[in-house]
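Below is one structure; the comments refer to it alone.
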Amino acid sequence: MVEATGKGRWIGRGSAPAGAASLPSPAGTGRYRRDVPTKAARRGLWHAALLTVIILAAVAAYLAIGHGTTPLNPTGCQAGSGQSAIALDPDQAAIAATIAGVAHHQAMPRRAVVVAYAAAMQESKLQNLSYGDRDSVGVFQQRPSEGWGPARKLLNPVYASTKFFQALATVPAYQRQPVYRAAQAVQHSADGSAYIQYQREATLLASDFTGRSAHAVWCWPGSADPPRANLAGARRALTAAFGPVGSRQVSAPRDAPSLLVPAARPGLGWTVAAWLVTHAASYGIHQVSYAGLRWRASAGGNGWTRDPRPAAAGAVLAS
C-alpha cells in the first residue's frame, strides 16, 4: 500500500483477507433457568456479538478495497477497478487527467505519461503545491531558479506538465529507460531512486487516464445539486490542456446545451471523457456520454452505465 500525505489515498492491492472465523458454540445452561443466561453465557453472547461486528467490518473493507467499489467518502474519484483500483481525491484526479491531456497535445506516448505520473506522485502526491523545498512549487516541484519558469506559471498544471514533457522529450531513449531513471533525468532530484516506488501505480494510472482502459475513471461529487453548467469555461480549459480538438457547443430542441468533442479514436475519447468527469464539479457538468455509456454526477459512485440515449458515434458529449 502506498499512503499519500494530505488528502489522497492509494488503495492497496494485497491479497484478500482470510475467511471469516466461525462463531463460538452457545454456552451451556447448567441448572439455571433456560431463559436466563448465566454469567459465562452472557460473556459468550457479548463476545459473539463483538466477533460478528468485526467480521462484518472485515467483509465490508474487503469489498470496498479488494473489489474496488466506491469508498464511503462524501466526494472522491476512482481509476480502474478490482485489484487495480486506485482511489484519488478530486484534485489529484483532475491533475492526472490534465497531465494526460497535455501529453496528447504534445504528442507524447503513454510511456511519457507513466514517467510524469511517477514524478508527480513522488514530488507532490499529485497535488498542486504552492510551497516546497527552497523555491520549488507545483505538481512537479519545479524551481523557478533552475529555469523552469515563473512560480505563478508553474502553479498552472497545464504549464507545469508542458514544461515537464518538453524536458523529457530531450532525454535520449527515455522510452527504453526504467521509469525512475527517465524521471530523474528530468527532475535532477537528490534521490532519483525514490521514483521507483510509484512505477506500478503510475503505469496503472496511465492506462486509465490515456484511454487504454475504457471507462476506467469516474468520480462522485460531494454536492447532490451541481451548479449550472459552465460549458464555455470547460471548453476553454479543455482546449488549454488538449490543444485544438474541434470541441463546440450544441443544442437540440427541449434539451439543455451540451459540449461536443469529436473523438474518432477510442483512446482519445476516453481521455477526454476522463478529463470532463474529473472536472465536472468545477464546471457544473451533470453528465458525460461516450461510446454508448454515460456517467452522471447524481449517481457518480455507480461509474459508467449504459446510456439510454447514446451520443453520436465518435463524439464525447457533456451537459
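Return yes when residue 242 is touching a His at 6+ places or on another chain (Cβ under 7 Å), aromatic (Phe, Trp, Tyr) and closer than 25 Å to residue 106 by Cβ and no when it is not. Walk me through how you get there before you give the answer.
Numbers: touching a His at 6+ places or on another chain (Cβ under 7 Å): yes; aromatic (Phe, Trp, Tyr): yes; closer than 25 Å to residue 106 by Cβ: yes.
The answer is yes for residue 242.
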So residue 162, is it modelled with pLDDT of 95 or more, closer than 25 Å to residue 239 by Cβ and of a type in the set (Ser, Thr, Tyr): yes
Residue within the range 176-195 that is assigned to a strand (DSSP E or B) and not small (Gly, Ala, Ser) present: no
Boolean, residue 267 is closer than 19 Å to residue 98 by Cβ, surrounded by fewer than 20 Cβ atoms within 10 Å (Cβ to Cβ) and over 21 Å from the mean Cα position of the chain (by Cα): no
Filter result for residue 51 (modelled with pLDDT under 95, assigned by TED's automatic domain parsing to the domain that holds residue 160 and within 14 Å of residue 220 (Cα to Cα)): no
Neighbours by Cβ (under 8 Å, 6+ apart or cross-chain): first from the range 127-143, in contact (Cβ under 8 Å) with a residue 60 or more places away in the chain and within 17 Å of residue 92 (Cα to Cα); second surrounded by 15 or more Cβ atoms within 10 Å (Cβ to Cβ) and not β-branched (Val, Ile, Thr): 127/8; 127/91; 127/92
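For the range 221-319, give me every one of the strands (runs of 3 or more DSSP E) that falls completely inside it and has 3 or more residues that are on the phi > 0 side of the Ramachandran plot. Can you show your working first?
Values: elements: 248-250, 258-262, 287-290, 293-296, 315-318.
Once the strands (runs of 3 or more DSSP E) in the range 221-319 are filtered for at least 3 residues that are on the phi > 0 side of the Ramachandran plot, nothing remains.
Select from the range 145-155 the residues that are over 12 Å from residue 128 (Cα atoms) and either surrounded by fewer than 16 Cβ atoms within 10 Å (Cβ to Cβ) or of a type in the set (Phe, Trp, Tyr) (or both) and list them in ascending order. Spell out the reasoning first.
Restricting attention to the range 145-155, the residues satisfying the condition of being over 12 Å from residue 128 (Cα atoms) are 145-150.
Answer for the range 145-155, where residues must be over 12 Å from residue 128 (Cα atoms) and either surrounded by fewer than 16 Cβ atoms within 10 Å (Cβ to Cβ) or of a type in the set (Phe, Trp, Tyr) (or both): 145, 146, 147, 148, 150.
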Condition broken by residue 214, with the remaining ones in (1) surrounded by fewer than 23 Cβ atoms within 10 Å (Cβ to Cβ); (2) in contact with a helix residue (DSSP H, G or I) (Cβ under 9 Å, 6 or more places away or on another chain); (3) touching a residue at least 40 places away in the same chain (Cβ under 8 Å); (4) outside any loop (DSSP other than H, G, I, E, B) satisfied: (4)
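Let's see how each residue does on (1) closer than 18 Å to residue 276 by Cβ; (2) touching a Phe, Trp or Tyr at 6+ places or on another chain (Cβ under 7 Å); (3) part of a helix (DSSP H, G or I):
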residue: 95; (1), (2), (3): yes, no, yes
residue: 100; (1), (2), (3): yes, yes, yes
residue: 112; (1), (2), (3): no, yes, yes
residue: 122; (1), (2), (3): no, yes, yes
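The values are calculated or read from the model by the stated rules, or taken from the named source; none is laboratory data. In this text the structure is predicted, and so the values were computed from the model without any measurement. Please note: Cβ atoms are built from the backbone with ideal geometry, for glycine as well, and neighbour counts cover all protein chains shown.
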